[in-house]
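Below: one structure, written as structure tokens.
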Amino acid sequence: MPTTSTVPVSLPLPSVPRRRRSREEVEAAVPVEGPKRVLLAAPRGYCAGVDRAVIAVEKALEHYGPPVYVRKQIVHNLHVVSTLEERGAIFVDETDEAPEGALVIFSAHGVSPAVVRSAEQRGLRTIDATCPLVTKVHREAVRFAKDDYEILLIGHEGHEEVEGTYGEAPEHTQIVNSPEEADTIQVRDPDKLIWLSQTTLSVDETMETVRRLRERFPNLQDPPSDDICYATSNRQAAIKKIAPQADLVIVVGSANSSNSVRLVEVALEYGAKASHRVDFASQVDESWFEGVATVGVTSGASVPEVLVRDVLSLLADYGYGQVDEVVTAEEDILFSLPKELRATLKEKGDSSRGLGGRGARPAR
Ligand code: SF4
């Protein structure tokens, strides 16, 4: 059996628990003007693609039994990954770390065709939990490469999703990491050019990148439909509404979650006086509350609601017990579970389906 190197899941908690200051001590440091309240963003948390991917691992564990190997973190959230690890999932960086014949699940971020081929060659059984909205971008890349377009893929080099999309048509694709790169990138034929993007970018920054690209290449084509997904756009729209009123915005989400990191940036751009990202309520620093009347709270698309509830409960301890939800959109998107799993579930009489937004309920 080959040695298995797992994707490290270290929980960044302080090694020595520090003494929290009391609410009275925090208030005495910098008095708060006006009533204390929380503005809770909606939508927040789990999107349909994340929910589907997490259920895929849960169902694979239930019906095939552990170990179930997962290439990369199934979704970018420490809590989700460590919870699945406890139940028997083994997270690996590459499929060649899984023993021959093992069951391997591809994460929600998608994989390049080379990864699929390598898994086939090693006789692995696979379940593809790539979000259908990422698959849509892959298909666009294949289609435009076939028509000999050059693809400018706006996204962060090194991110798993970008690696997967790039891998569909490496000969035809260049990655554009930032608006600044749009000013210098060289293309083969400015009249046969299309831009695509990672699904979890800042909407505003991406539009700025496109604007700069189009200044240089006026015939640049748009993607057939938005690549930045509904969940990313909706979570950013909600925090844009809250940020101008917020002295502090807390974003629940992991450091490698593009979606969550963008929410901190958007909150600051739209007027929040301060914004911090935390994986867990234990990482909230009480000094952030000094002089703060209004706290905005949101969470990235890979974050289960239980983690937001923990933050709200901590906030209540510091006097922020009044929670007003700011709803900017309703989400009712559902994705069916990966086809490889559906057949097994049908055989076993399990009628589970992929759900959208399960994390927005406090049950998990
Ligand atoms: S953030 Fe968007 S693209 Fe990513 S898994 Fe969720 S729905 Fe899919």
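The values are calculated or read from the model by the stated rules, or taken from the named source; none is laboratory data. This is a predicted model, so every value here is computed, not measured. Cβ sites come from the backbone with ideal geometry, for glycine too, and all protein chains shown count toward neighbours.
Got a number for residues in region 91-104 being buried (at least 21 other Cβ atoms within 10 Å of the Cβ), without any contact (Cβ under 8 Å) to a residue 60 or more places away in the chain and either hydrophobic (A, V, I, L, M, F, W, C) or within 16 Å of the ligand (Cβ to nearest atom) (or both)?
Residues flagged as buried (at least 21 other Cβ atoms within 10 Å of the Cβ), without any contact (Cβ under 8 Å) to a residue 60 or more places away in the chain and either hydrophobic (A, V, I, L, M, F, W, C) or within 16 Å of the ligand (Cβ to nearest atom) (or both) within region 91-104 amount to 2.
How many residues, within region 133-161, are within 16 Å of the ligand (Cβ to nearest atom) and not β-branched (Val, Ile, Thr)?
Residues meeting the conditions: 12.
Evaluate the following for residue 44: is it basic (Lys, Arg), crowded, with 23+ Cβ neighbours inside 10 Å and within 25 Å of the chain's Cα centre (by Cα)?
Yes.
Given the residues 243, 237, which is the only one that is within 30 Å of residue 35 (Cβ to Cβ), of a type in the set (A, V, I, L, M, F, W, C) and in contact (Cβ under 8 Å) with a residue 60 or more places away in the chain?
237
In the list 130, 199, which residue meets the criterion of being closer than 21 Å to residue 340 by Cβ, in contact (Cβ under 8 Å) with a residue 24 or more places away in the chain, hydroxyl-bearing (Ser, Thr, Tyr) and within 16 Å of the ligand (Cβ to nearest atom)?
Unique residue meeting the criteria: 130.
List, please: which pairs have Cβ atoms under 6 Å, are six or more places apart or on different chains, and start with a residue in region 202-215 that is without any contact (Cβ under 8 Å) to a residue 12 or more places away in the chain and end with one that is buried (at least 16 other Cβ atoms within 10 Å of the Cβ)?
From residues that are without any contact (Cβ under 8 Å) to a residue 12 or more places away in the chain, the pairs are 214/220.
For every residue, the table says whether it meets (1) more than 16 Å from the ligand (Cβ to nearest atom); (2) touching a residue at least 24 places away in the same chain (Cβ under 8 Å).
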site	(1), (2)
163	no, yes
175	yes, no
182	yes, yes
217	yes, yes
222	yes, yes
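Looking only at region 232-242, decide whether some residue is under 24 Å from residue 42 (Cβ atoms), touching a strand residue (DSSP E or B) at 6+ places or on another chain (Cβ under 8 Å) and more than 16 Å from the ligand (Cβ to nearest atom).
So far as region 232-242 goes, yes, one or more of its residues are under 24 Å from residue 42 (Cβ atoms), touching a strand residue (DSSP E or B) at 6+ places or on another chain (Cβ under 8 Å) and more than 16 Å from the ligand (Cβ to nearest atom).
Does region 266-276 hold any residues that are within 19 Å of residue 43 (Cβ to Cβ) and more than 16 Å from the ligand (Cβ to nearest atom), and which are they?
267, 270, 272, 275
Considering every residue within region 82-90, establish whether at least one is of a type in the set (Lys, Arg), more than 16 Å from the ligand (Cβ to nearest atom), outside the structural domain of residue 166 (by TED's automatic domain parsing) and modelled with pLDDT of 95 or more.
yes
Go through region 234-246 and report how many residues are closer than 24 Å to residue 287 by Cβ and surrounded by 20 or more Cβ atoms within 10 Å (Cβ to Cβ).
The total comes to 4.
Output the number of the condition that residue 75 fails; it satisfies all remaining conditions of (1) outside the structural domain of residue 337 (by TED's automatic domain parsing); (2) closer than 21 Å to residue 277 by Cα.
Here residue 75 clears every test but (1).
Take the residues of region 57-77 that are among the aliphatic types (A, V, I, L, M) and at pLDDT 95 or above: which is farthest from residue 330 (Cα to Cα)?
Per the stated criteria, the residue is 68.
Of the residues 137, 187, 111, which is crowded, with 22+ Cβ neighbours inside 10 Å and in contact with a Leu (Cβ under 7 Å, 6 or more places away or on another chain)?
Every option except 137 fails the conditions.
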